[in-house]
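In what follows, a structure is listed as structure tokens, so that the remarks can point back to it.
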Amino acid sequence: MSEKISGIAASAGIAIAKAFVLQNPELTIDKKSIKDTSKEIERFQAALDTSKEELSVIKDKANEELGEDKAAIFAAHLLVLSDPELVDAVKQKIENEQVNAESAMNDVSSTFINMFEQMDNEYMKERAADIRDVSKRVLAHLLDVQFTTPASISEEVVILAEDLTPSDTAQLNRQFVKGFATDIGGRTSHSAIMSRSMEIPAVVGTKIITEKIENGVMVIIDGLDGHVIIDPSQDEIATYQEKKAQYEKQKEEWAKLVNEKTFSSDDVQVELAANIGTPADVKGVLANGAEGVGLYRTEFLYMGRDQLPTEEEQFSAYKEVLEKMEGKPVVIRTLDIGGDKELPYLNLPKELNPFLGFRAIRLCLEEQEIFRTQLRALLRASKHGNLKIMFPMIATLEEFRSAKNILMDEKDKLINSGTEVSDNIEVGIMVEIPSTAVMADTFAKEVDFFSIGTNDLIQYTMAADRMNEQVSYLYQPYNPAILRLVKMVIDAAHKEGKWAGMCGEMAGDPIAIPILLGLGLDEFSMSATSVLPARSQIRGLSKEKISTHINEILEMDTMEDVIKFVETNF
Ligand code: PEP
Ligand code: MG
């Protein structure tokens, strides 16, 4: 009997494939005495060889799909496995102490890890992390425990996991990973956002999917309606194949609008842009007919690696995006780390409330070298396209002024050293903290633009963690409280002759789109795959008609009232 589990539809599309359950291996190591030590050494060597083979495959794949910089970590792991100091020490321990390979490997690697961790040098500390990762893999083989990383998948599957970290998500190979479902997470958790930019159907926040499923069972991921069907019948498979075909057909219709601009039925033009996480996402932006990049989340450049990206690495990523966008606007957001996006190598203390903590612009204003490096890379790249710089998580005008002063300082230094910098870079802010939405009229005098980050604006206004599916009912984009804040921001921008965009997920939401159009939003930035459906929807909407109902909508009691009104009237 099949079973249907519901979750949150995170990325549109249907996937039908075998389940691949991604688990952290449990490694329990017992020390045993061994008589036949040469056989034990052979067993150790075999585990080592298998681990090396796996890592080479992963490295090659990472190289092809994600580029050399991301693959470098696997090359480092391979080096550890060939290091005679480690390998010989394990063999000697087995031989001399007549102990099993697991315990010898565990003891030797722990000694090395401790030694490297004690060192003052950052590079050496990172080696400790490499050794830890690699030993886990070898130990898993010795203990015959399945060890998996998303990058090692080489057949068509759907991934089921408790959660996927953004760096797990970045390792997914689109050729083989047809979809995924997780126990935790909401529509705006970053793995969900990345699944949309990678166009992988996904359902998140199912609470129980990993308890319900085993490797190899057939699964359907319905990313359109947010369901996972475990062990479907032939009839169900046929139904979903039909649903998939219909969705593909609908996509073909939308595709006809790929080279069009975006006008409402009464000829009001808006800009539809896309959100990206890496330069590789630009392909999807152009293929989906976006008119610009409304949000480049640069933090992914800093993640899934073990040290900060250099100025040169950043410069080449920003330049690549700007060049590929050929003069279309590109809003690049400065580092927004924190919340669910961690950088282990910064060794920041754990916080009780990471979403309210030392993150984003707060961290950048404190750790200025990190910030200044990024700003230099951005300024140098500015000559290669139409760059707009945006600061995240601005809560006070002082924060904006400080960030802008640092930017101007770096700009002056670059110009004085003879570096060319564009002289019309707009500098704006994310409006994602209620204090800033309320003070938008004041900010509007000093910023060049606003981009409303509703993912955070909603979580902070409703006091509901965007990662916690138990409070996901409070993620209420159409709650009049949110709509009133959005109106304040748009009106404030227009009063000062500035533009207002939105780059939170709400911008691509079919219920929100008519309201946002009516409120006068200038730029809508969304997952690339939402651009064409949004364009098709806006072509059928009259801004003037919606505008006459805006006050009525803002006066409504509840989100449900708003939804009902939009569904029946627009
Ligand atoms: C937002 O908060 O709406 C936003 C776009 O930023 P992020 O999702 O990266 O926090
Ligand atoms: Mg945000």
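The values are calculated or read from the model by the stated rules, or taken from the named source; none is laboratory data. Please read all numbers here as calculations on a predicted model, not as lab measurements. Note: ideal-geometry Cβ built from the backbone for every residue, glycine included; neighbour counts use all protein chains shown.
Every residue, every condition in (1) surrounded by 23 or more Cβ atoms within 10 Å (Cβ to Cβ); (2) within 16 Å of ligand 2 (Cβ to nearest atom); (3) not polar (S, T, N, Q), yes or no:
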{"residue": "364", "(1), (2), (3)": "yes, yes, yes"}
{"residue": "380", "(1), (2), (3)": "no, no, yes"}
{"residue": "385", "(1), (2), (3)": "no, no, yes"}
{"residue": "406", "(1), (2), (3)": "no, no, yes"}
{"residue": "420", "(1), (2), (3)": "no, no, yes"}
{"residue": "463", "(1), (2), (3)": "no, yes, yes"}
Completion exercise
Picking from 427, 447, the residue that is over 30 Å from residue 265 (Cα atoms), assigned to a loop (DSSP other than H, G, I, E, B) and at pLDDT 95 or above would be 447
Exercise for the section: Considering only residues that are more than 14 Å from ligand 2 (Cβ to nearest atom) and aliphatic (A, V, I, L, M), look in the range 465-476 and name the one that is surrounded by the most Cβ atoms within 10 Å (Cβ to Cβ). Expected result: 474
Completion exercise
Filtering the range 404-445 for residues that are more than 16 Å from ligand 1 (Cβ to nearest atom) and under 28 Å from residue 481 (Cβ atoms) leaves a count of 7
Handout entry: Hits in the range 353-373 - residues which are assigned to a helix (DSSP H, G or I) and acidic (Asp, Glu)
Key = 366, 369
Practice task
Only helices (runs of 4 or more DSSP H) wholly contained in the range 475-570 count here; list those with 2 or more residues that are under 30 Å from residue 202 (Cβ atoms) and β-branched (Val, Ile, Thr).
Solution key: 480-495, 512-519, 528-539, 559-569
Practice task
Return yes or no: is residue 567 away from ligand 1 (no atom under 16 Å from the Cβ), of a type in the set (D, E, K, R) and without any contact (Cβ under 8 Å) to a residue 40 or more places away in the chain?
Solution key: no
Practice task
Among the candidates 500, 440, 464, single out the residue that is within 22 Å of residue 336 (Cβ to Cβ) and touching a His at 6+ places or on another chain (Cβ under 8 Å).
Solution key: 500
Practice task
Check residue 368 against each of (1) more than 16 Å from ligand 2 (Cβ to nearest atom); (2) within 14 Å of residue 298 (Cβ to Cβ) and name the one condition it does not meet.
Solution key: (2)
Problem - Number of the exception - residue 163 against (1) within 26 Å of residue 337 (Cα to Cα); (2) buried (at least 21 other Cβ atoms within 10 Å of the Cβ); (3) not aromatic (Phe, Trp, Tyr) - result: (2)
Practice task
Can you confirm whether the range 477-485 contains a residue that is within 11 Å of ligand 1 (Cβ to nearest atom) and not hydroxyl-bearing (Ser, Thr, Tyr)?
Solution key: yes
Problem - Selected residue (criterion: surrounded by the most Cβ atoms within 10 Å (Cβ to Cβ)) from residues of the range 345-361 that are more than 23 Å from residue 304 (Cβ to Cβ) and within 16 Å of ligand 2 (Cβ to nearest atom) - result: 356
Problem - From 561, 509, residue being surrounded by 18 or more Cβ atoms within 10 Å (Cβ to Cβ) and without any contact (Cβ under 8 Å) to a residue 40 or more places away in the chain - result: 509
Handout entry: Count of residues meeting criterion [away from ligand 1 (no atom under 16 Å from the Cβ), buried (at least 16 other Cβ atoms within 10 Å of the Cβ) and either polar (S, T, N, Q) or part of a helix (DSSP H, G or I) (or both)] in the range 317-344
Key = 7
Practice task
Kindly indicate which of 374, 368 is away from ligand 1 (no atom under 15 Å from the Cβ), touching a Leu at 6+ places or on another chain (Cβ under 7 Å) and among the polar types (S, T, N, Q).
Solution key: 374
Fill in the blank from the handout: Those strands (runs of 3 or more DSSP E) completely within the range 196-303 that have 3 or more residues that are more than 18 Å from residue 524 (Cβ to Cβ) are 202-204, 218-222, 227-230
Problem - Close pairs from the range 290-302: first more than 14 Å from residue 392 (Cβ to Cβ), partner assigned to a strand (DSSP E or B) and of a type in the set (Asp, Glu), Cβ under 6 Å, at least 6 apart - result: 291/271
Exercise for the section: Please specify each residue of the range 529-555 satisfying the condition of being farther than 16 Å from residue 291 by Cα, of a type in the set (Lys, Arg) and crowded, with 16+ Cβ neighbours inside 10 Å. Expected result: 543
Exercise for the section: State which residue pairs qualify: first residue more than 15 Å from residue 407 (Cα to Cα) and inside the range 418-437, second residue more than 12 Å from ligand 2 (Cβ to nearest atom) and part of a strand (DSSP E or B) in any location, beta carbons under 7 Å apart, and separation of 6 or more residues or different chains. Expected result: 431/450
Practice task
Identify the single condition in (1) modelled with pLDDT of 95 or more; (2) not in a helix (DSSP H, G or I) that residue 350 does not satisfy, given that it satisfies every other one.
Solution key: (1)
Exercise for the section: Using the structure shown, decide if residue 464 is assigned to a loop (DSSP other than H, G, I, E, B), on the phi < 0 side of the Ramachandran plot and within 15 Å of ligand 1 (Cβ to nearest atom). Expected result: yes
Problem - Of the criteria (1) out of contact with any strand residue (DSSP E or B) (no Cβ under 7 Å at 6 or more places or on another chain); (2) under 30 Å from residue 193 (Cβ atoms), which one residue 440 fails - result: (1)
